[in-house]
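Some notes on the structure that comes next.
The values are calculated or read from the model by the stated rules, or taken from the named source; none is laboratory data. Since this is a predicted model, take the numbers as computed values, not measurements. Cβ: placed from backbone, ideal geometry, glycine included. Neighbour counts: every protein chain shown. Side chains are part of the model used for accessible areas, which takes the heavy atoms of the whole protein and leaves out ligands, DNA and RNA. Shrake-Rupley method; radii C 1.70, N 1.55, O 1.52, S 1.80 Å.
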Amino acid sequence: VIPAGLPYSTLSVSGTASLTGRTVATANAVVYGAGSLTLAGHTLVAALVQVGQSTGETATITMTNPLDSIVTTTFGASGGSTAGKLTAGTIVVSGDFSQSALNSPQAFAPSGSHTVVFNGGGTQTLTFASPGAGQSAFQNLLVTNSAGGLTLGSDVLISGQAAYDPGVPDIVHGNGHT
């Protein structure tokens, strides 16, 4: 159990942990090794959220409650399979997003109502090492970034809905898209 309201600079999870309330790490939130972090209807705020770091890690985050949320500048997924573990909630990213197939091609495999929101003030880069059906993808994607749009560093699959907020230009660059 991770107590809410304490001043965390870096939050590191290598075992099984759950949030008990809104949790803020002013620097990084890292889930590594065989770590498993369940949001349990709460919010995690951190400059960088990294799930998995090295070869052989099975680290995951579980978001199955519609109230689960992560607010971050940078999100990286390179841990174990998240199939069935990201079924609800929202990840809000103001910077870049990356998925690595270092440990599992399903390191970011949401389903259900899970949504990722890109709300940066400049260009945001999205990169998947193993994009595709049955691998890593976005379930639902919402773009509220009105400044720089999205740059694709790889193919990107959206299994559910993709939307832009009203007034946000439909700007996608890279990987054959303009």
- A27 and S12 label points (each 7 Å along its Cα→Cβ direction) are spaced in nm at 1.0 nm
- Query: Based on the mean of other beta carbon atoms within 10 Å per residue, what is the order of 58-69, 156-167, most packed first?
  - Reply: 58-69, 156-167
- Message: I need two numbers for the chain: Rg to one decimal and Dmax as a whole number, Cα atoms only, in Å.
- Response: 15.1, 45
- Express the carbon and sulfur contribution to the solvent-accessible surface of the chain as a percent, rounded to the nearest whole number, probe 1.4 angstrom. 54 percent
- Computed FRET efficiency, Cβ-Cβ of S113 and L48, R0 35 Å: what is it to the nearest 0.05? 0.90
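Go through 9-15, 44-50 and give me the packing order, highest mean Cβ count within 10 Å leading. Walk me through the numbers before you get to the answer.
Details: 9-15: 14.6, 44-50: 20.1.
Packing proxy ranking, top to bottom: 44-50, 9-15.
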- Summing +1 for each Lys or Arg and -1 for each Asp or Glu, what net charge is found among the other residues whose Cβ lies under 12 Å from the Cβ of P110? 0
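Using per-residue counts of other Cβ atoms within 10 Å, averaged over each peptide, order 80-87, 18-25 from highest down. Show your work: numbers first, answer last.
Working: 80-87: 19.5, 18-25: 16.8.
Answer by packing, highest mean first, reads 80-87, 18-25.
Could you compute the FRET efficiency for A133 and A4, with r as their C-beta to C-beta distance and R0 at 25 Å, rounded to 0.05? Don't jump to the answer; show the numbers that get you there.
Working: r = 37 Å, r/R0 = 1.48.
Efficiency, rounded to the nearest 0.05: 0.10.
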